[in-house]
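To start, the structure under review is shown below, and the notes come after it.
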Amino acid sequence: MSEASQPDSTALPAPKWAARLFSLPVVLGLVLVWLLFVFGAKAGVADLDIWWHMRNASELVHTGHFVRADSWTFTVNGKPWINFEWLGELPYYFFFKWLGYRGLYLVMMVVSSSIVLGIYRLALMRSRDAIASFAVGVLAVLFATVSLAPRTLLFGWLFLVLEIGILWSLSRGKDYTAWLPPLFLVWINTHGSWFIGFAILIAYVALGWFEGEWGSVVATRWTPQQARKLLAVMTASFALLFVNPYGWRLVLYPLDVMFRQKDTMQYIAEWASLDFHTLRGKTMLATLFLLAVLQLVRRRQWTVQDVVLALIAVYGAVTYVRFVFMAGIVIAPLLAMDLRSNRAKKPDAPSRNAWMHAMAAFVLVTLMVLRFPTEQQLHAGVAEAFPEKAVPYVRSLAGQGNLMNNFNWGGYFEWNAPEVKEMLDSRVDIFVHEGVMSDYVSAARVQDTYAMLDKYRIQYVLLPPKDPASYLLSHSADWKQSYEDGQAVVFERVR
(Lines give C-alpha, C1' and ligand atoms only; values in the text may rest on other atoms or scores of the structure.)
Protein backbone atom coordinates (compact mmCIF):
# COMPACT_ATOMS: atom_id res chain seq x y z
CA MET A 1 0.00 0.00 0.00
CA SER A 2 1.40 3.38 -0.96
CA GLU A 3 1.98 6.15 1.54
CA ALA A 4 -0.74 8.26 -0.06
CA SER A 5 -3.32 5.53 0.51
CA GLN A 6 -2.62 5.10 4.22
CA PRO A 7 -5.58 6.11 6.38
CA ASP A 8 -5.16 9.36 8.33
CA SER A 9 -5.86 8.56 11.98
CA THR A 10 -6.32 12.23 12.81
CA ALA A 11 -9.28 12.40 10.43
CA LEU A 12 -11.17 9.52 12.03
CA PRO A 13 -14.70 10.59 12.91
CA ALA A 14 -15.49 10.92 16.58
CA PRO A 15 -18.10 8.64 18.18
CA LYS A 16 -21.66 9.93 17.76
CA TRP A 17 -22.03 10.80 21.46
CA ALA A 18 -18.75 12.74 21.43
CA ALA A 19 -19.71 14.58 18.24
CA ARG A 20 -22.87 15.81 19.95
CA LEU A 21 -21.29 16.49 23.34
CA PHE A 22 -18.34 18.43 21.93
CA SER A 23 -20.24 20.49 19.38
CA LEU A 24 -19.87 24.17 18.60
CA PRO A 25 -22.97 25.19 20.65
CA VAL A 26 -21.54 23.40 23.69
CA VAL A 27 -18.18 25.13 23.37
CA LEU A 28 -19.84 28.52 22.92
CA GLY A 29 -21.90 27.85 26.05
CA LEU A 30 -18.70 27.17 27.99
CA VAL A 31 -17.26 30.44 26.71
CA LEU A 32 -20.27 32.24 28.21
CA VAL A 33 -19.72 30.53 31.56
CA TRP A 34 -16.04 31.47 31.45
CA LEU A 35 -17.00 35.11 30.85
CA LEU A 36 -19.29 34.91 33.85
CA PHE A 37 -16.40 33.55 35.93
CA VAL A 38 -14.31 36.55 34.89
CA PHE A 39 -16.94 38.91 36.29
CA GLY A 40 -17.60 36.66 39.27
CA ALA A 41 -13.97 36.73 40.38
CA LYS A 42 -14.23 40.52 40.59
CA ALA A 43 -17.61 40.46 42.34
CA GLY A 44 -16.62 38.19 45.23
CA VAL A 45 -19.11 37.35 47.99
CA ALA A 46 -19.30 40.61 49.97
CA ASP A 47 -23.08 40.96 49.78
CA LEU A 48 -25.06 42.95 52.36
CA ASP A 49 -27.88 40.43 52.74
CA ILE A 50 -26.11 37.09 52.82
CA TRP A 51 -25.25 37.40 56.51
CA TRP A 52 -28.77 37.72 57.90
CA HIS A 53 -29.88 35.09 55.40
CA MET A 54 -27.40 32.67 56.96
CA ARG A 55 -28.47 33.76 60.44
CA ASN A 56 -32.07 32.84 59.55
CA ALA A 57 -30.97 29.51 58.08
CA SER A 58 -28.92 28.74 61.18
CA GLU A 59 -31.96 29.41 63.35
CA LEU A 60 -34.08 27.05 61.25
CA VAL A 61 -31.47 24.29 61.17
CA HIS A 62 -30.66 24.39 64.88
CA THR A 63 -34.16 24.93 66.31
CA GLY A 64 -36.35 23.35 63.65
CA HIS A 65 -38.59 26.44 63.74
CA PHE A 66 -39.17 29.02 61.05
CA VAL A 67 -38.39 32.63 61.92
CA ARG A 68 -41.70 34.38 62.58
CA ALA A 69 -40.57 37.42 64.56
CA ASP A 70 -37.47 39.58 64.82
CA SER A 71 -34.97 38.69 67.51
CA TRP A 72 -31.82 40.21 66.03
CA THR A 73 -32.38 43.90 66.86
CA PHE A 74 -33.55 46.00 69.80
CA THR A 75 -35.73 48.31 67.70
CA VAL A 76 -38.24 45.75 66.37
CA ASN A 77 -37.53 42.85 68.71
CA GLY A 78 -40.54 40.55 68.93
CA LYS A 79 -42.37 42.14 65.98
CA PRO A 80 -43.86 39.68 63.45
CA TRP A 81 -41.71 39.08 60.38
CA ILE A 82 -42.01 36.76 57.36
CA ASN A 83 -38.84 35.09 56.15
CA PHE A 84 -39.99 34.96 52.53
CA GLU A 85 -36.71 33.52 51.20
CA TRP A 86 -36.15 30.72 53.71
CA LEU A 87 -35.56 27.95 51.16
CA GLY A 88 -33.11 30.01 49.12
CA GLU A 89 -31.04 30.66 52.23
CA LEU A 90 -30.29 27.01 53.00
CA PRO A 91 -27.87 26.24 50.10
CA TYR A 92 -25.72 29.24 50.99
CA TYR A 93 -25.74 28.34 54.67
CA PHE A 94 -24.78 24.69 54.19
CA PHE A 95 -22.09 25.38 51.62
CA PHE A 96 -20.62 28.11 53.80
CA LYS A 97 -20.47 25.63 56.66
CA TRP A 98 -18.79 23.05 54.43
CA LEU A 99 -16.47 25.21 52.30
CA GLY A 100 -16.39 28.68 53.85
CA TYR A 101 -16.45 31.68 51.52
CA ARG A 102 -15.67 29.37 48.60
CA GLY A 103 -18.93 27.60 49.34
CA LEU A 104 -20.85 30.86 48.97
CA TYR A 105 -19.03 31.56 45.73
CA LEU A 106 -19.68 28.06 44.41
CA VAL A 107 -23.45 28.32 44.93
CA MET A 108 -23.46 31.78 43.37
CA MET A 109 -21.57 30.65 40.28
CA VAL A 110 -23.45 27.38 39.78
CA VAL A 111 -26.82 29.14 39.88
CA SER A 112 -25.77 32.17 37.81
CA SER A 113 -24.05 29.91 35.24
CA SER A 114 -27.21 27.81 35.00
CA ILE A 115 -29.20 30.99 34.30
CA VAL A 116 -26.83 32.14 31.55
CA LEU A 117 -26.77 28.69 29.97
CA GLY A 118 -30.55 28.62 30.24
CA ILE A 119 -30.80 31.95 28.39
CA TYR A 120 -28.41 30.59 25.77
CA ARG A 121 -30.59 27.49 25.40
CA LEU A 122 -33.73 29.64 25.07
CA ALA A 123 -31.98 31.61 22.32
CA LEU A 124 -31.08 28.37 20.53
CA MET A 125 -34.69 27.23 20.86
CA ARG A 126 -36.03 30.38 19.25
CA SER A 127 -33.32 31.15 16.68
CA ARG A 128 -31.80 27.73 15.83
CA ASP A 129 -28.54 29.64 15.32
CA ALA A 130 -25.59 29.00 17.64
CA ILE A 131 -23.66 32.13 16.66
CA ALA A 132 -26.64 34.44 17.16
CA SER A 133 -27.42 32.71 20.46
CA PHE A 134 -23.85 33.17 21.62
CA ALA A 135 -23.94 36.87 20.74
CA VAL A 136 -27.03 37.49 22.85
CA GLY A 137 -25.56 35.23 25.52
CA VAL A 138 -22.68 37.69 25.93
CA LEU A 139 -25.30 40.39 26.37
CA ALA A 140 -27.02 38.27 29.02
CA VAL A 141 -23.74 37.90 30.91
CA LEU A 142 -23.35 41.68 31.01
CA PHE A 143 -26.89 42.09 32.35
CA ALA A 144 -26.31 39.27 34.86
CA THR A 145 -23.65 41.30 36.63
CA VAL A 146 -26.36 43.44 38.23
CA SER A 147 -27.23 40.50 40.51
CA LEU A 148 -23.91 38.65 40.55
CA ALA A 149 -23.59 38.06 44.29
CA PRO A 150 -24.54 35.30 46.76
CA ARG A 151 -28.21 36.24 46.62
CA THR A 152 -31.46 34.30 46.83
CA LEU A 153 -32.70 36.36 43.88
CA LEU A 154 -30.56 34.20 41.60
CA PHE A 155 -32.82 31.22 42.29
CA GLY A 156 -35.79 33.35 41.25
CA TRP A 157 -34.20 34.19 37.90
CA LEU A 158 -33.32 30.52 37.35
CA PHE A 159 -36.95 29.56 37.92
CA LEU A 160 -38.04 32.26 35.48
CA VAL A 161 -35.77 30.77 32.81
CA LEU A 162 -37.35 27.36 33.42
CA GLU A 163 -40.88 28.78 33.26
CA ILE A 164 -40.24 30.60 29.99
CA GLY A 165 -38.66 27.49 28.52
CA ILE A 166 -41.75 25.46 29.44
CA LEU A 167 -44.11 28.04 27.95
CA TRP A 168 -42.11 28.49 24.75
CA SER A 169 -41.92 24.73 24.26
CA LEU A 170 -45.68 24.69 23.68
CA SER A 171 -45.17 26.31 20.27
CA ARG A 172 -42.83 23.44 19.37
CA GLY A 173 -45.44 20.84 20.21
CA LYS A 174 -43.78 19.85 23.50
CA ASP A 175 -45.95 20.11 26.61
CA TYR A 176 -44.00 20.29 29.87
CA THR A 177 -46.59 22.43 31.67
CA ALA A 178 -47.19 19.71 34.29
CA TRP A 179 -43.88 20.88 35.81
CA LEU A 180 -45.22 24.39 36.48
CA PRO A 181 -47.16 23.64 39.71
CA PRO A 182 -44.16 22.05 41.49
CA LEU A 183 -41.98 24.85 40.13
CA PHE A 184 -44.19 27.48 41.77
CA LEU A 185 -44.29 25.43 44.97
CA VAL A 186 -40.51 25.68 45.23
CA TRP A 187 -40.42 29.23 43.89
CA ILE A 188 -42.69 30.85 46.48
CA ASN A 189 -40.64 29.34 49.29
CA THR A 190 -37.40 30.55 47.71
CA HIS A 191 -37.94 34.12 46.54
CA GLY A 192 -40.65 36.74 46.05
CA SER A 193 -39.99 36.92 42.30
CA TRP A 194 -42.54 34.09 41.97
CA PHE A 195 -45.08 36.90 41.66
CA ILE A 196 -43.53 38.01 38.36
CA GLY A 197 -43.51 34.44 37.12
CA PHE A 198 -47.16 33.93 38.00
CA ALA A 199 -48.17 37.20 36.35
CA ILE A 200 -46.37 36.04 33.20
CA LEU A 201 -48.20 32.70 33.36
CA ILE A 202 -51.57 34.42 33.64
CA ALA A 203 -50.78 36.75 30.72
CA TYR A 204 -49.42 33.93 28.57
CA VAL A 205 -52.49 31.75 29.09
CA ALA A 206 -54.99 34.60 28.75
CA LEU A 207 -53.52 35.81 25.45
CA GLY A 208 -54.11 32.35 23.99
CA TRP A 209 -57.85 33.07 23.97
CA PHE A 210 -57.35 35.55 21.12
CA GLU A 211 -56.77 34.92 17.45
CA GLY A 212 -55.91 37.38 14.72
CA GLU A 213 -53.15 39.31 12.99
CA TRP A 214 -52.29 42.95 13.55
CA GLY A 215 -49.40 43.99 11.36
CA SER A 216 -46.35 42.09 12.60
CA VAL A 217 -48.20 40.73 15.64
CA VAL A 218 -50.07 37.45 15.42
CA ALA A 219 -52.24 35.62 17.96
CA THR A 220 -53.17 31.95 17.84
CA ARG A 221 -56.02 30.57 19.95
CA TRP A 222 -55.41 27.57 22.17
CA THR A 223 -57.08 24.35 21.17
CA PRO A 224 -59.85 23.24 23.58
CA GLN A 225 -57.53 20.54 24.94
CA GLN A 226 -54.70 23.03 25.48
CA ALA A 227 -57.04 25.51 27.15
CA ARG A 228 -58.33 22.93 29.63
CA LYS A 229 -54.83 21.74 30.42
CA LEU A 230 -53.45 25.25 30.94
CA LEU A 231 -56.35 26.30 33.17
CA ALA A 232 -55.83 23.17 35.27
CA VAL A 233 -52.09 23.86 35.50
CA MET A 234 -52.64 27.48 36.45
CA THR A 235 -55.21 26.53 39.12
CA ALA A 236 -52.88 23.88 40.57
CA SER A 237 -49.97 26.34 40.55
CA PHE A 238 -52.04 28.92 42.44
CA ALA A 239 -53.19 26.37 45.00
CA LEU A 240 -49.63 25.21 45.68
CA LEU A 241 -48.56 28.79 46.42
CA PHE A 242 -50.28 28.40 49.79
CA VAL A 243 -48.10 25.40 50.71
CA ASN A 244 -45.56 27.40 52.70
CA PRO A 245 -44.75 28.05 56.38
CA TYR A 246 -46.59 31.39 56.43
CA GLY A 247 -49.74 30.59 54.45
CA TRP A 248 -51.63 33.46 52.81
CA ARG A 249 -49.27 36.05 54.33
CA LEU A 250 -46.42 34.87 52.12
CA VAL A 251 -48.69 34.87 49.05
CA LEU A 252 -49.63 38.50 49.71
CA TYR A 253 -46.09 39.61 50.57
CA PRO A 254 -45.24 40.93 47.05
CA LEU A 255 -48.24 43.28 47.35
CA ASP A 256 -46.81 44.51 50.65
CA VAL A 257 -43.57 45.36 48.83
CA MET A 258 -45.44 47.18 46.08
CA PHE A 259 -47.79 49.26 48.24
CA ARG A 260 -46.42 49.46 51.78
CA GLN A 261 -42.66 49.64 51.32
CA LYS A 262 -42.17 52.89 49.44
CA ASP A 263 -39.13 53.73 51.57
CA THR A 264 -37.51 50.48 50.47
CA MET A 265 -37.59 51.61 46.86
CA GLN A 266 -36.50 55.12 47.82
CA TYR A 267 -33.41 54.22 49.83
CA ILE A 268 -32.12 50.98 48.25
CA ALA A 269 -29.96 51.47 45.13
CA GLU A 270 -31.14 48.39 43.23
CA TRP A 271 -34.73 49.70 43.37
CA ALA A 272 -33.69 52.90 41.58
CA SER A 273 -34.58 53.49 37.94
CA LEU A 274 -32.05 52.41 35.32
CA ASP A 275 -29.44 55.10 34.79
CA PHE A 276 -28.81 55.47 31.06
CA HIS A 277 -25.54 57.28 31.76
CA THR A 278 -23.99 54.04 33.04
CA LEU A 279 -22.55 51.27 30.88
CA ARG A 280 -25.42 48.98 31.87
CA GLY A 281 -27.99 51.61 30.94
CA LYS A 282 -26.32 52.38 27.62
CA THR A 283 -26.14 48.66 26.82
CA MET A 284 -29.84 48.26 27.50
CA LEU A 285 -30.63 51.27 25.31
CA ALA A 286 -28.43 49.93 22.50
CA THR A 287 -30.12 46.52 22.78
CA LEU A 288 -33.59 47.99 22.43
CA PHE A 289 -32.44 50.17 19.52
CA LEU A 290 -30.94 47.15 17.75
CA LEU A 291 -34.12 45.16 18.32
CA ALA A 292 -36.20 47.95 16.75
CA VAL A 293 -33.88 48.41 13.75
CA LEU A 294 -33.75 44.68 13.02
CA GLN A 295 -37.52 44.52 13.17
CA LEU A 296 -37.72 47.24 10.53
CA VAL A 297 -35.24 45.35 8.35
CA ARG A 298 -36.48 41.81 8.78
CA ARG A 299 -40.14 42.51 9.51
CA ARG A 300 -40.65 39.16 11.16
CA GLN A 301 -43.87 38.29 12.93
CA TRP A 302 -44.13 38.40 16.71
CA THR A 303 -46.55 36.36 18.73
CA VAL A 304 -48.72 38.45 21.00
CA GLN A 305 -47.22 36.55 23.98
CA ASP A 306 -43.70 37.58 22.96
CA VAL A 307 -44.76 41.21 22.67
CA VAL A 308 -46.35 41.30 26.12
CA LEU A 309 -43.48 39.39 27.72
CA ALA A 310 -40.96 41.81 26.17
CA LEU A 311 -42.95 44.82 27.38
CA ILE A 312 -43.04 43.45 30.93
CA ALA A 313 -39.29 42.84 30.87
CA VAL A 314 -38.41 46.26 29.43
CA TYR A 315 -40.71 48.09 31.82
CA GLY A 316 -39.21 46.21 34.77
CA ALA A 317 -35.62 46.92 33.70
CA VAL A 318 -36.17 50.61 33.04
CA THR A 319 -38.16 51.15 36.24
CA TYR A 320 -35.93 49.16 38.61
CA VAL A 321 -32.31 48.40 37.87
CA ARG A 322 -32.49 45.04 39.67
CA PHE A 323 -34.78 43.79 36.86
CA VAL A 324 -32.15 44.31 34.17
CA PHE A 325 -31.32 40.62 34.62
CA MET A 326 -34.95 39.76 33.83
CA ALA A 327 -34.71 41.79 30.63
CA GLY A 328 -31.67 39.74 29.65
CA ILE A 329 -33.63 36.52 30.19
CA VAL A 330 -36.51 37.64 27.97
CA ILE A 331 -35.03 40.03 25.41
CA ALA A 332 -31.85 38.11 24.54
CA PRO A 333 -33.61 35.06 22.99
CA LEU A 334 -36.00 37.32 21.06
CA LEU A 335 -33.06 39.34 19.73
CA ALA A 336 -31.35 36.12 18.64
CA MET A 337 -34.25 35.46 16.25
CA ASP A 338 -33.43 38.68 14.40
CA LEU A 339 -29.67 38.07 14.42
CA ARG A 340 -29.86 34.55 13.05
CA SER A 341 -28.41 33.70 9.67
CA ASN A 342 -30.62 32.24 6.95
CA ARG A 343 -27.93 29.59 6.40
CA ALA A 344 -27.65 28.73 10.10
CA LYS A 345 -26.80 25.14 10.85
CA LYS A 346 -29.14 23.17 13.08
CA PRO A 347 -27.62 23.64 16.56
CA ASP A 348 -28.21 20.03 17.59
CA ALA A 349 -26.41 18.62 14.55
CA PRO A 350 -23.29 16.51 15.29
CA SER A 351 -20.04 18.36 14.88
CA ARG A 352 -17.34 17.27 12.45
CA ASN A 353 -14.71 18.92 14.62
CA ALA A 354 -15.50 17.11 17.86
CA TRP A 355 -11.88 16.56 18.85
CA MET A 356 -10.98 20.19 18.35
CA HIS A 357 -14.05 21.26 20.28
CA ALA A 358 -13.17 18.80 23.04
CA MET A 359 -9.76 20.42 23.40
CA ALA A 360 -11.38 23.87 23.50
CA ALA A 361 -13.81 22.65 26.18
CA PHE A 362 -10.92 21.29 28.25
CA VAL A 363 -9.08 24.62 28.02
CA LEU A 364 -12.19 26.57 29.02
CA VAL A 365 -12.92 24.34 32.01
CA THR A 366 -9.29 24.63 33.08
CA LEU A 367 -9.49 28.42 32.86
CA MET A 368 -12.63 28.38 35.01
CA VAL A 369 -10.93 26.26 37.64
CA LEU A 370 -7.97 28.62 37.64
CA ARG A 371 -10.36 31.58 37.92
CA PHE A 372 -11.98 30.14 41.03
CA PRO A 373 -10.88 32.43 43.87
CA THR A 374 -9.05 31.10 46.91
CA GLU A 375 -10.53 31.34 50.38
CA GLN A 376 -7.99 34.03 51.19
CA GLN A 377 -8.98 36.14 48.17
CA LEU A 378 -12.68 35.95 48.99
CA HIS A 379 -12.01 36.66 52.65
CA ALA A 380 -9.95 39.72 51.67
CA GLY A 381 -12.90 41.05 49.67
CA VAL A 382 -15.21 40.60 52.65
CA ALA A 383 -12.71 42.24 55.01
CA GLU A 384 -12.47 45.20 52.65
CA ALA A 385 -16.26 45.66 52.53
CA PHE A 386 -17.05 45.00 56.20
CA PRO A 387 -15.31 46.05 59.45
CA GLU A 388 -13.85 42.69 60.43
CA LYS A 389 -11.37 44.21 62.88
CA ALA A 390 -14.18 45.79 64.87
CA VAL A 391 -15.98 42.49 65.57
CA PRO A 392 -14.21 41.73 68.91
CA TYR A 393 -14.87 45.22 70.23
CA VAL A 394 -18.51 45.15 69.15
CA ARG A 395 -18.93 41.81 70.90
CA SER A 396 -17.63 43.37 74.09
CA LEU A 397 -20.54 45.84 73.98
CA ALA A 398 -23.17 43.11 74.43
CA GLY A 399 -25.59 44.08 77.17
CA GLN A 400 -24.02 47.51 77.73
CA GLY A 401 -26.55 49.61 75.83
CA ASN A 402 -28.29 50.11 72.49
CA LEU A 403 -26.08 50.22 69.40
CA MET A 404 -26.79 52.29 66.31
CA ASN A 405 -25.00 50.62 63.41
CA ASN A 406 -24.30 51.51 59.82
CA PHE A 407 -27.11 50.07 57.68
CA ASN A 408 -24.74 48.22 55.34
CA TRP A 409 -23.07 46.42 58.25
CA GLY A 410 -26.19 45.22 60.04
CA GLY A 411 -26.35 41.70 58.66
CA TYR A 412 -22.58 41.23 58.97
CA PHE A 413 -22.65 41.85 62.72
CA GLU A 414 -25.79 39.76 63.17
CA TRP A 415 -23.80 36.83 61.80
CA ASN A 416 -20.42 37.59 63.39
CA ALA A 417 -21.54 39.15 66.68
CA PRO A 418 -24.99 37.61 67.32
CA GLU A 419 -24.85 38.42 71.04
CA VAL A 420 -25.22 42.13 70.24
CA LYS A 421 -28.66 43.49 69.42
CA GLU A 422 -28.26 46.34 66.97
CA MET A 423 -30.54 48.95 65.44
CA LEU A 424 -31.29 47.61 61.94
CA ASP A 425 -30.08 45.53 59.01
CA SER A 426 -30.68 45.33 55.25
CA ARG A 427 -33.94 43.36 55.51
CA VAL A 428 -35.54 46.83 55.30
CA ASP A 429 -39.20 45.72 55.24
CA ILE A 430 -39.82 45.39 58.98
CA PHE A 431 -37.85 48.58 59.67
CA VAL A 432 -39.92 50.48 57.11
CA HIS A 433 -43.16 49.28 58.70
CA GLU A 434 -42.07 50.31 62.19
CA GLY A 435 -40.62 53.69 61.15
CA VAL A 436 -37.07 52.75 62.09
CA MET A 437 -35.76 53.12 58.54
CA SER A 438 -36.88 56.72 58.13
CA ASP A 439 -35.45 57.61 61.56
CA TYR A 440 -32.12 56.03 60.65
CA VAL A 441 -31.92 57.82 57.30
CA SER A 442 -32.61 61.18 58.97
CA ALA A 443 -29.87 60.56 61.51
CA ALA A 444 -27.38 59.31 58.92
CA ARG A 445 -27.99 62.39 56.78
CA VAL A 446 -27.42 64.60 59.82
CA GLN A 447 -30.92 66.02 59.67
CA ASP A 448 -32.15 65.09 63.14
CA THR A 449 -29.33 62.98 64.54
CA TYR A 450 -29.39 63.90 68.22
CA ALA A 451 -33.17 63.58 68.49
CA MET A 452 -33.04 60.09 66.96
CA LEU A 453 -30.22 59.00 69.29
CA ASP A 454 -32.29 60.14 72.26
CA LYS A 455 -35.47 58.54 70.94
CA TYR A 456 -33.88 55.08 70.75
CA ARG A 457 -31.68 55.61 73.84
CA ILE A 458 -28.55 54.91 71.82
CA GLN A 459 -25.44 54.33 73.95
CA TYR A 460 -23.02 53.38 71.15
CA VAL A 461 -22.76 54.41 67.49
CA LEU A 462 -20.86 52.30 64.93
CA LEU A 463 -20.14 54.07 61.64
CA PRO A 464 -17.46 54.58 58.96
CA PRO A 465 -14.99 57.30 60.02
CA LYS A 466 -15.89 59.56 57.09
CA ASP A 467 -19.64 59.28 57.61
CA PRO A 468 -21.33 62.69 58.12
CA ALA A 469 -22.77 61.53 61.44
CA SER A 470 -19.28 60.52 62.59
CA TYR A 471 -18.06 64.06 61.99
CA LEU A 472 -21.02 65.40 63.94
CA LEU A 473 -20.45 63.14 66.97
CA SER A 474 -16.71 63.74 66.96
CA HIS A 475 -17.47 67.42 67.65
CA SER A 476 -20.06 66.79 70.35
CA ALA A 477 -19.30 67.07 74.06
CA ASP A 478 -21.92 64.37 74.73
CA TRP A 479 -20.03 61.70 72.83
CA LYS A 480 -16.50 60.32 72.86
CA GLN A 481 -14.66 58.06 70.47
CA SER A 482 -14.06 54.68 72.11
CA TYR A 483 -12.81 52.69 69.12
CA GLU A 484 -11.29 53.34 65.67
CA ASP A 485 -9.46 51.12 63.21
CA GLY A 486 -9.49 53.13 59.98
CA GLN A 487 -12.55 51.32 58.66
CA ALA A 488 -14.96 51.72 61.56
CA VAL A 489 -15.33 54.06 64.48
CA VAL A 490 -17.42 53.64 67.66
CA PHE A 491 -18.73 56.59 69.65
CA GLU A 492 -19.90 56.20 73.24
CA ARG A 493 -22.38 58.47 74.99
CA VAL A 494 -20.77 60.20 77.98
CA ARG A 495 -23.78 62.16 79.24
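The values are calculated or read from the model by the stated rules, or taken from the named source; none is laboratory data. Please read all numbers here as calculations on a predicted model, not as lab measurements. Note that each Cβ is placed from the backbone with ideal geometry, even for glycine, and that neighbours are counted across all protein chains shown. Heads up: the accessible areas ignore ligands, DNA and RNA and are worked out on the full protein's heavy atoms, side chains in. Shrake-Rupley method; radii C 1.70, N 1.55, O 1.52, S 1.80 Å.
Summing Lys and Arg as +1 and Asp and Glu as -1 over all other residues whose Cβ lies under 12 Å from the Cβ of residue 330 gives a net charge of -1.
Taking 0.36 nm per residue of separation and subtracting the current Cα-Cα distance, fully stretching the chain between residue 71 and residue 294 would add 74.8 nm.
Under the definition of Cα pairs under 8 Å and six or more residues apart, what whole-number percent is the relative contact order of the chain?
Values: 694 pairs, mean separation 106.5, N = 495.
It rounds to 22 percent for the chain.
The HN-Hα couplings worked out from phi for the range 486-491 by the Karplus form 6.51 cos²θ - 1.76 cosθ + 1.60 (θ = phi - 60°) are x, 10, 9, 9, 10, 10 Hz, whole numbers, x standing for Gly and Pro. Between the C-alpha center of the range 127-171 and that of the range 277-312 there is a gap of 16 Å.
Values of log10 I(q)/I(0) for the range 456-495 across q = 0.29 Å⁻¹ run -1.01, by the Debye formula with one identical scatterer at each alpha carbon and no solvent. Each of the peptides 92-103, 231-242 was scored by the mean count of other Cβ atoms within 10 Å over its residues; in descending order, highest first, they stand as 92-103, 231-242. The Rg/Rh ratio for the range 20-61 is 1.30, where Rg is the radius of gyration of the alpha carbons and Rh is the Kirkwood radius.
Residue 62 sits among other residues whose Cβ lies under 13 Å from its own Cβ, and their net charge, with Lys and Arg +1 and Asp and Glu -1, is +1.
A simple packing score, the average count of other Cβ atoms within 10 Å per residue, orders the peptides 192-203, 446-457 as 192-203, 446-457, with the highest score first.
Per-residue ellipticity at 222 nm, computed for the chain from helices alone with -39500 (n - 2.57) per DSSP H run of at least four residues, works out to -18500 deg cm²/dmol.
On the chain, 62 percent of the accessible area sits on carbon and sulfur atoms, based on a 1.4 Å probe. Between residue 169 and residue 231, full extension at 0.36 nm per residue minus the direct alpha carbon distance yields a gain of 20.6 nm.
Would you please report the Å³ per residue occupied by the convex hull of the alpha carbon atoms in the range 197-355? List each step's numbers first, then the result.
On the way: hull volume 34.1 nm³, N = 159.
Per-residue hull volume (Cα only) is 214 Å³.
Remark on the range 186-249: Rg and Dmax equal 14.8, 48 Å (Cα only).
By the rule of a C-alpha distance below 18 Å, with chain neighbours fewer than 8 residues away ignored, the aspartates and glutamates paired with residue 97 are 47, 49, 59, 89, 375, 414. What the Cβ-Cβ distance of residue 457 and residue 255 gives, at R0 = 30 Å and to the nearest 0.05, is a FRET efficiency of 0.30.
May I ask for the angle, rounded to the nearest 10°, between helix 101-127 and the longest principal axis of the chain, with both axes built from Cα atoms and the value confined to 0 to 90°? Tilt of helix 101-127: around 40 degrees. Excluding ligands, DNA and RNA, the accessible surface per residue across the chain is 47 Å² with a 1.4 Å probe. Look at the alpha carbon pairs under 8 Å that are at least 6 residues apart: their mean separation over the length of the range 342-495 gives a relative contact order of 17 percent. Summarising the amide proton neighbourhood of residue 79: residues at separation of 5 or more, or on other chains, whose placed amide H is nearer than 5 Å comprise 70.
Add +1 for every Lys or Arg and -1 for every Asp or Glu among the other residues with Cβ under 13 Å from the Cβ of residue 423, and state the total.
-2
Between the amide H of residue 302 and those of 217, 218, distances stay under 5 Å, these residues lying 5 or more places away or on another chain, with hydrogens modeled in the peptide plane.
What FRET efficiency would be calculated for the residue pair residue 39, residue 487, taking the C-beta separation as r and a Förster radius of 30 Å, to the nearest 0.05?
Computed FRET efficiency for residue 39 and residue 487: 0.70.
Return the percentage of antiparallel bridges among DSSP beta bridges fully within the chain, rounded to the nearest 5 %. Of the beta bridges lying entirely in the chain, close to 60 percent run antiparallel.
If you average the alpha carbon positions of the range 412-456 and of the range 203-270, how far apart do those two centres end up, in angstrom? With the range 412-456 and the range 203-270 each reduced to a Cα centre, they are spaced 35 Å. Per residue, the convex hull around the alpha carbon atoms of the chain comes to 186 Å³. Computed from Cα positions, the angle between helix 324-339 and the longest principal axis of the chain comes to roughly 20 degrees. The gain in end-to-end length when the residue 466 to residue 223 segment is fully stretched comes to 81.0 nm, 0.36 nm per residue minus the alpha carbon separation.
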